[in-house]
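The values are calculated or read from the model by the stated rules, or taken from the named source; none is laboratory data. These figures come from a predicted structure and were not determined experimentally. Cβ placement follows ideal geometry from the backbone for every residue including glycine, while neighbour counts extend to all protein chains displayed.
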């Protein structure tokens with residue numbers, strides 16, 4: 001498969017869920033700024049984040065990015081019979097919990113580097129650093145490699161065999177470009193929120209995104 005065909009196929013599959021995700025993220029942003037009745041919920045989330053810090057990031061991301069999507073896959077019988085369900089559950093929870101702490105650290109560094117404002121320049125700068133440096137060079141390739149290891153039944157030797165020229169020259173670039181299609185608008189919305197609400201919004205968007213992909217790709 002050529003990289004052009006791979007990217008076109010991935011973009012085609014991600015276009016609809018990406019648009020739905022962006023509408024979802026913008027809706028949360030509009031609710032925060034224009035629906036006063038929602039303030040207590042956002043205040044509670046912000047207070048929890050400020051109180052528990054990285055602990056909140058681990059637990060919340062493990063829940064929204066790991067546990068809830070796993071439960072959907074398990075209840076919909078989308079997990080292959082030969083896979084160890086408890087092992088997969090542990091993987092999803094631990095991996096996404098650690099990833100939540102990593103994202104939290106990156107958001108904090110962004111605030112130190114570029115400030116905490118929500119003006120267009122600050123949001124655009126943070127989005128560019130997020131998507132074109134952190135995501136493109138580390139997050140997307142890293143997640144792809146870890147999931148390859150998981151799909152290889154935790155075999156390092158099988159994972160190495162699967163890391164062919166096609167994997168690095170086609171699959172990873174396709175993942176990065178698909179990621180940009182979906183997450184450039186989404187993280188722009190995240191960075192428009194106050195610092196203490198960025199991880200909670202990231203968690204909601206992440207959960208919605210993973211569940212949406214799971215539903216659309218169930219076949």
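Brief remarks on what is shown
- Taking the criterion of being surrounded by 13 or more Cβ atoms within 10 Å (Cβ to Cβ) and out of contact with any helix residue (DSSP H, G or I) (no Cβ under 9 Å at 6 or more places or on another chain), no residue of the stretch 129-141 qualifies.
- Inclusion of residue 203 among residues that are under 12 Å from the mean Cα position of the chain (by Cα) and modelled with pLDDT of 90 or more is warranted.
- Selected residue (criterion: surrounded by the fewest Cβ atoms within 10 Å (Cβ to Cβ)) from residues of the stretch 163-208 that are outside any helix (DSSP H, G or I) and touching a residue at least 40 places away in the same chain (Cβ under 8 Å): 194
- Listed conditions (1) closer than 16 Å to residue 198 by Cα; (2) surrounded by 13 or more Cβ atoms within 10 Å (Cβ to Cβ); (3) free of Cβ contacts under 8 Å to residues at least 60 places away in the same chain are all met by residue 104, apart from (3).
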